[in-house]
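Below is one structure, written out as structure tokens; the observations come after it.
The values are calculated or read from the model by the stated rules, or taken from the named source; none is laboratory data. Because the structure is predicted, anything quoted here is derived from the model rather than measured. Virtual Cβ from ideal backbone geometry, glycine too; neighbours counted across all protein chains shown.
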Amino acid sequence: MARDRQQFLSRSWPSRTARLNEPRLLRPPQFDLKHLNRVLLSGDINPAVLAINGEITAPGEQDHIAFTLRQPTRVVFDSLTNRSDISWQLDGPSGQISHQSFSSSGSVNPGTNPPIDLAAGDYSLTVDGTMDATGSYAFRLLDLSSATSIEPGTPMSGQLSPGTETDAYKFDVVEGERFFFEVESNNNADGITWCLLDPSGNQVFQSGFVGSASEYPPALIYSGTYTLLIEGAISASGTVDYSVNVQPTQEVLFHTIAPGAVLPEQALDFRATFSEALDPNYLSSSNVVLVNTVTGAQVAVNSLSYDNTTRQLHVLFPVLNEGAYQLSLLNAGFRDLAGNRLNGGADFAVSFGVDASDKGIPNAIGE
Ligand SMILES: [Ca+2]
Ligand SMILES: [Ca+2]
């Protein structure tokens with residue numbers, strides 16, 4: 001039934017430059033956004049403004065889809081079809097907005113296909129084959145305001161189904177908060193990307209989305225809603241199951257090792273004393289993040305131990321060369337004995353147990 005409707009949608013408004021074998025209608029139909037949602041989008045975790053399966057059945061055919069937005073809407077075009085010889089063009093009240101092939105419409109790629117802020121008004125999407133290309137196509141225009149809300153610190157899982165789709169998540173940020181983005185699992189890594197958008201739709205990061213990938217961007221500088229997009233490869237077949245954790249972090253110390261200096265292995269140790277006992281099952285060195293802020297490289301900690309009588313976490317570091325380092329505790333990664341995730345500075349006090357100067361490395365470390 002939906003397919004019949006889509007055929008109607010795509011065929012009932014021939015182009016003004018319609019080919020001779022296309023029928024002409026006097027007036028284009030106008031479809032209300034809410035109507036489209038109800039008809040086309042039930043069961044989708046990321047409601048779209050448009051979700052269309054169509055087909056260019058005859059050489060030279062153009063398909064046209066008209067829709068009306070009642071309010072300003074930020075969208076991304078999510079191509080589900082790996083065809084370089086079929087293209088789409090979006091036109092709106094101000095003229096042409098975008099024109100790309102279906103195979104190069106990465107929805108997380110700000111270079112070719114950034115999020116689009118559409119004003120209220122009437123729009124048309126034209127799908128066209130290059131030369132005599134024919135075949136089926138599918139896409140969604142995702143409404144980012146309808147992204148699924150996530151709670152930082154609580155792992156979440158999802159599925160790209162089909163594997164070519166984009167999933168969108170959102171969470172609220174207070175200016176200055178910092179988060180560690182971690183892929184906990186991904187059963188089909190090929191070609192998936194993820195990106196974070198700030199409240200204005202500008203990209204904070206974009207990178208490959210593989211089983212152990214992580215991103216640790218600088219403190220987020222705007223208060224408002226951030227959007228996380230996870231986009232399947234356009235060549236994907238099958239579905240992709242994944243889980244992700246967006247963890248709030250507590251930045252505890254920032255140190256600089258002077259030019260030319262080398263801090264020997266374990267010369268520096270870090271201690272965090274918690275206000276209550278920790279569940280040992282959630283003690284992990286992956287919850288301690290040391291980053292060289294000059295190179296951006298993450299440094300794996302050497303070892304981590306926890307003494308339940310003193311409630312003290314003890315972390316030793318590898319050899320550190322000159323550079324500026326930032327150390328963060330992924331506080332949401334730790335849990336107390338009641339199973340609660342820690343919520344930052346209220347739950348622990350931190351210190352360096354051994355200062356570098358104690359090891360005869362004058363001026364090696366300074367604030
Ligand atoms: Ca999905
Ligand atoms: Ca896609």
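Across the range 250-286, the number of residues qualifying as closer than 23 Å to Tyr325 by Cβ and at pLDDT 85 or above comes to 3. Kindly evaluate Ser200 against the criterion of being modelled with pLDDT of 90 or more and either more than 16 Å from ligand 1 (Cβ to nearest atom) or in contact with a helix residue (DSSP H, G or I) (Cβ under 6 Å, 6 or more places away or on another chain) (or both). Considered against the rule, which asks whether it is modelled with pLDDT of 90 or more and either more than 16 Å from ligand 1 (Cβ to nearest atom) or in contact with a helix residue (DSSP H, G or I) (Cβ under 6 Å, 6 or more places away or on another chain) (or both), Ser200 comes out as yes. Selection over the range 222-238 of residues that are modelled with pLDDT under 95 and exposed (fewer than 15 other Cβ atoms within 10 Å of the Cβ) gives a count of 3.
Within the range 200-231, take every residue that is part of a strand (DSSP E or B) and free of Cβ contacts under 8 Å to residues at least 40 places away in the same chain and give me the one that is farthest from Pro115 (Cα to Cα). So, considering only residues that are part of a strand (DSSP E or B) and free of Cβ contacts under 8 Å to residues at least 40 places away in the same chain, the one farthest from Pro115 (Cα to Cα) is Glu215. For Val319, indicate whether it is free of Cβ contacts under 8 Å to residues at least 24 places away in the same chain and either within 16 Å of ligand 1 (Cβ to nearest atom) or farther than 28 Å from Glu175 by Cα (or both). No. Got at least one residue in the range 170-187 being within 26 Å of Asp143 (Cβ to Cβ) and small (Gly, Ala, Ser)? Among the residues of the range 170-187, not one is within 26 Å of Asp143 (Cβ to Cβ) and small (Gly, Ala, Ser), which makes the answer no.
Yes/no per residue for (1) in contact with a strand residue (DSSP E or B) (Cβ under 9 Å, 6 or more places away or on another chain); (2) modelled with pLDDT of 90 or more; (3) among the basic types (Lys, Arg):
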{"position": "Thr126", "(1), (2), (3)": "yes, yes, no"}
{"position": "Ser136", "(1), (2), (3)": "yes, yes, no"}
{"position": "Arg140", "(1), (2), (3)": "yes, yes, yes"}
{"position": "Gly153", "(1), (2), (3)": "yes, no, no"}
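Here the condition is being modelled with pLDDT of 95 or more and away from ligand 2 (no atom under 16 Å from the Cβ); of Phe171, Phe205, Phe179, it holds for Phe171 alone.
The set of residues in the range 232-279 that are in a strand (DSSP E or B) and either over 29 Å from Leu313 (Cβ atoms) or within 15 Å of ligand 1 (Cβ to nearest atom) (or both) comprises Val240, Asp241, Tyr242, Ser243, Val244, Pro259, Gly260. Among the residues of the range 322-342, which ones are in contact (Cβ under 8 Å) with a residue 24 or more places away in the chain and among the polar types (S, T, N, Q)? The answer is Gln326, Ser328, Asn331.
Taking the conditions (1) surrounded by fewer than 17 Cβ atoms within 10 Å (Cβ to Cβ); (2) over 19 Å from Ser103 (Cβ atoms); (3) in contact with a Lys or Arg (Cβ under 7 Å, 6 or more places away or on another chain) in turn, Gly153 satisfies each one other than (1).
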